[in-house]
Structure formats: C-alpha cells, structure tokens
Amino acid sequence: MIIANWKCNGSKQMIFTWFEEFVKNYISKESSYIGIAPPTIYLEYVKRIISEKSLGIKLGTQDLDAASGAMTGAISAEMILDYECNFSIVGHSERRQYFDEKNSSIKEKIHKLIDVATPILCVGETFEENKNNLIEEVISKQLRVLEGLNFQNEIVIAYEPVWAIGTGKTPLKEEVNEIHKFIKDVVQSSSINSLIPHVLYGGSVNVDNCKDFFNCEFIDGALIGGASLEGTSFANIVKSFNGSYK
C-alpha cells in the first residue's frame, strides 16, 4: 500500500502535470493498493482524471471532522462517502501540532469513519521522545484510540516519526521494522476482533531509500509526503514497491 499525502500543496496545473508524468512512468500491478490524498478542494478534479485515465488509484482525504451541521469549514464522513473516498488520514502529527488535536477527538473521527472508509491513523514520536527511549510508550498512548473497536473492515497505521517528516532524516530500517511489529502486536491485542493492521512507514521516504524499507518483513508500504508531489518520483516509488524499479 502506497499513499500520497499532498498536504496543502497543489493547483489544477500542478495536478494535470503530475498525472502526465505519473502515467509516463507508472507500471500497474493489479494487487497493489495506490492512493492519493489531495487537498479537499481538488477531490473532484483528481477523481475525474483518475477515471479518465483508468488508473485504478484510490482517492482519500487528509482529514475529516467527527461532527456535521453547524461546523463552518468542516468535512464530514458523509461528504467523504459522497466523493466515494476509500480512506482518510487521521491524527497526522501536523494536525496534532498545529490544530491541537487530542486522542479524544481523533477517536471520535475514527468512530465516524470506521463504517465509511479505511482510517489511516498516524502515530509517531518527537526527537526528544526518541532520544529518551520513549517510542513504545508514546505510540502505545496514541494507539489507545483503537481500544475496544471491532474493525469489520480495514485499519491502517502509519508510523511517522515527527523528527523525520520533511527533514531528510530517517531511522534505521531495522528500527522501523521492529516498531512496526510492535504496532501490529498492540493493535491485535487491543481490538475486539484481534485485527492485525497494515502498517506503513512515513518520514522522508524517497526513491533512493524506499526499497530498503519495502524489503522489511513488517513494513507494508509507505505514506509519502514531499516525494509524492512529483508524478515521476511517486511512480518510481510505486514501481519499487511492486518490485519493478531498478
């Protein structure tokens, strides 16, 4: 599973060029799950291009709101369903940092989303927490939003160390692999139906380092930020995931 998170980037011209580049370099593989989370304002435009080019790419959102109604600027789960979105990112560190999101509101969002689309829950530690060997403690607290839930469909966790996002720094692949195993064990033991989630890695993933992560036993794919903003770069990461990029 490879997901592009465009964050607050893009324009119609950028998106048009992105797909031109992507199609030139993309090699499809029926079994792989490829998704794009564009800014909400471009959902319809991206959806139309995906359909016109018959790409089979899944569409998702970067966030949603638990409530609807008198919530100016909010995006409800029902609206996501209207756009036929397959997934939504929840609890990204930038939402936690810049919008002061807490576990309580993230849990509400997952409850709202769970029967509508696949939640992609982001977890990860800061540099200070990493330095003080608090990784498992921090991630365990963030995963509490899943306790007691019965996942009839899929749940995806994205491990994104805050200190690695957009910095060009990454943990060792062996460390990431162990953390992914830890996440799978925690979610399996805390969910009602003992679901083992897919766990993606995110944080300065690019064409040069992605293969090392994809070769690890417990890493099921990646949530790509900066490297997803160019169609060629993202296509080559997808090819690496599918085993066809050299």
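The values are calculated or read from the model by the stated rules, or taken from the named source; none is laboratory data. Predicted model, so just to flag it, every value in this text is computed and none were measured. Here the Cβ is made from the backbone with ideal geometry for all residues, glycine too, and neighbour counts use every protein chain on show.
Hey, among K184, K169, K211, K173, which residue is of a type in the set (K, R), closer than 20 Å to T118 by Cα and touching a residue at least 24 places away in the same chain (Cβ under 8 Å)?
Values: K169 fails: closer than 20 Å to T118 by Cα; K211 fails: closer than 20 Å to T118 by Cα; K173 fails: closer than 20 Å to T118 by Cα.
Within the list K184, K169, K211, K173, the selection yields K184.
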**OP:** Could you tell me whether V238 is assigned to a helix (DSSP H, G or I), in contact with a Lys or Arg (Cβ under 9 Å, 6 or more places away or on another chain) and either free of Cβ contacts under 8 Å to residues at least 24 places away in the same chain or surrounded by 22 or more Cβ atoms within 10 Å (Cβ to Cβ) (or both)?
**Re:** yes
Subject >> Qualifying residue in region 130-141 (condition: at pLDDT 90 or above, among the small types (G, A, S) and surrounded by 22 or more Cβ atoms within 10 Å (Cβ to Cβ)) >> reply: no
Original post:
Considering I120, I34, which residue is touching a residue at least 60 places away in the same chain (Cβ under 8 Å), farther than 19 Å from Q142 by Cβ and of a type in the set (V, I, T)?
Top reply: I34
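Residue-by-condition table, conditions (1) small (G, A, S); (2) over 22 Å from G202 (Cα atoms); (3) at pLDDT 95 or above; (4) buried (at least 17 other Cβ atoms within 10 Å of the Cβ):
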| site | (1), (2), (3), (4) |
| --- | --- |
| N5 | no, no, yes, yes |
| G10 | yes, no, no, yes |
| Q13 | no, yes, yes, no |
| F22 | no, no, yes, yes |
| I34 | no, no, yes, yes |
| P38 | no, no, yes, yes |
| R48 | no, yes, yes, no |
| L64 | no, no, no, yes |
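What helices (runs of 4 or more DSSP H) completely inside region 77-149 contain at least 3 residues that are farther than 25 Å from G35 by Cα? Please lay out each step first, then the result.
On the way: elements: 77-82, 93-98, 103-113, 127-131, 135-143.
Once the helices (runs of 4 or more DSSP H) in region 77-149 are filtered for at least 3 residues that are farther than 25 Å from G35 by Cα, what remains is 127-131, 135-143.
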